[in-house]
1. Filter segment 109-127 for residues that are open to solvent by less than 40 Å² (accessible area, probe 1.4 Å) and either of a type in the set (Phe, Trp, Tyr) or under 12 Å from THR258 (Cβ atoms) (or both); which is farthest from the chain's Cα centre (by Cα)?
2. Please specify each residue of segment 74-92 satisfying the condition of being free of Cβ contacts under 8 Å to residues at least 24 places away in the same chain and among the charged types (D, E, K, R).
3. Could you figure out which of (1) open to solvent by 40 Å² or more (accessible area, probe 1.4 Å); (2) small (Gly, Ala, Ser); (3) more than 21 Å from LYS209 (Cβ to Cβ) isn't true of SER188?
4. Output the residues belonging to segment 57-88 that are outside any helix (DSSP H, G or I) and closer than 20 Å to THR268 by Cα.
5. Please count how many residues of segment 178-196 are among the hydroxyl-bearing types (Ser, Thr, Tyr) and under 18 Å from LEU139 (Cβ atoms).
6. Take SER54 and tell me if it is hydroxyl-bearing (Ser, Thr, Tyr) and at pLDDT below 90.
7. Taking into account only those residues within segment 57-88 that are farther than 14 Å from ILE35 by Cα and open to solvent by less than 50 Å² (accessible area, probe 1.4 Å), which is modelled with the highest pLDDT?
8. Would you check which residues across segment 56-73 are touching a residue at least 40 places away in the same chain (Cβ under 8 Å) and out of contact with any strand residue (DSSP E or B) (no Cβ under 8 Å at 6 or more places or on another chain) and list them?
Amino acid sequence: MLRGEYLKRLILLLYLVSVASFGQESEQQQPEDKILVYTPLPADIARQSIKPFSDYLQRELGLETVIPRGECDAYEKFEAASEALVLPVVPLWKMLTEKGYTRLVETGKPFELLGISKQIITALEDFKGKRVAVDHNYLHLHRAIVEGDTQGIWSTIEIIDATPPNFSHVRVLKGEADYGLISAPVWSLTTSAIKERMHTIQIFSQTPKGLIMAHPQLSEERKQRYQRALMTMDQNPEVKQWLDKLTVERYVAPKSETAAFVERLPSTIPFENCWGNNLSE
């Protein structure tokens, strides 16, 4: 009798342990209420520059903002995939899509690309047959924008790698390239002395400046809640001022054109050399 009672208790104990272990495992698999935000800016500057955005998400959704420390740290955090939402740079869009992430929102304004040169630029046709400095991490984005604007030019140019720290404007100024392609945010960070020595031309794009993606295991209820908050956050005066400053305008529902662009991106691993950064230093 006592032996039978002992076996029953042992079986019950084992059952409770297994249930607890399963619950713990399930909990570990769920993405945390965090948003991973990547920007090429240093972490401390990035944290300050997105403060209206991060404060809003913390207040409205309880989302803690995580900012990687450079490309290496960003790639490792994206690989870990433990946050509920991520705001990645363009070269990582395809990789995250293949991991099962879904586009939750994208920016209302498109990506801004500039052509730069020490000589006057009249049109993209001027790039034909010339040496053009391009950041290789954004090669496919820049190619899509150039081909979308002026067909037949890209195949004629000689690509000169301008991956940081050898930015496009540096290669052009040194005479290592005739022209360069550079994003508007990077160009805005260059000094007035450099800008005064360069001519520019704006190249129009339909590609959004950025998008926010949702973790594969995020429930539909949470996705919808996050999406609603992101798409209406421009109603907050402080956040609207921040969005206007970035010329992002607002976040909107994902467009089919963006999905087609992401599909055309290569499936290679971006930032393999992490732009030469060494996090151990």
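The values are calculated or read from the model by the stated rules, or taken from the named source; none is laboratory data. It should be emphasised that the depicted structure is a prediction, and the values quoted were computed from it without experimental measurement. FYI the Cβ positions are ideal-geometry reconstructions off the backbone, even for glycines, and counts take in every protein chain you see. For the accessible areas, the whole protein counts, side chains as well, though only heavy atoms, and no ligand, DNA or RNA atoms are used. Shrake-Rupley method; radii C 1.70, N 1.55, O 1.52, S 1.80 Å.
1. PHE127
2. Listed by number, the residues that qualify are GLU76, GLU79.
3. Result: SER188 fails condition (3) only.
4. Of everything in segment 57-88, those that are outside any helix (DSSP H, G or I) and closer than 20 Å to THR268 by Cα turn out to be ALA81, VAL86, LEU87, PRO88.
5. Residues of segment 178-196 that are among the hydroxyl-bearing types (Ser, Thr, Tyr), as a first pass: 179, 183, 188, 190-192.
Now narrow it down to the ones that are under 18 Å from LEU139 (Cβ atoms): 179, 183.
The total comes to 2.
6. Details: hydroxyl-bearing (Ser, Thr, Tyr): yes; at pLDDT below 90: no.
Criteria not met by SER54.
7. ASP73
8. Matches in segment 56-73: TYR56, GLU60, ARG69, GLY70, GLU71, CYS72, ASP73.
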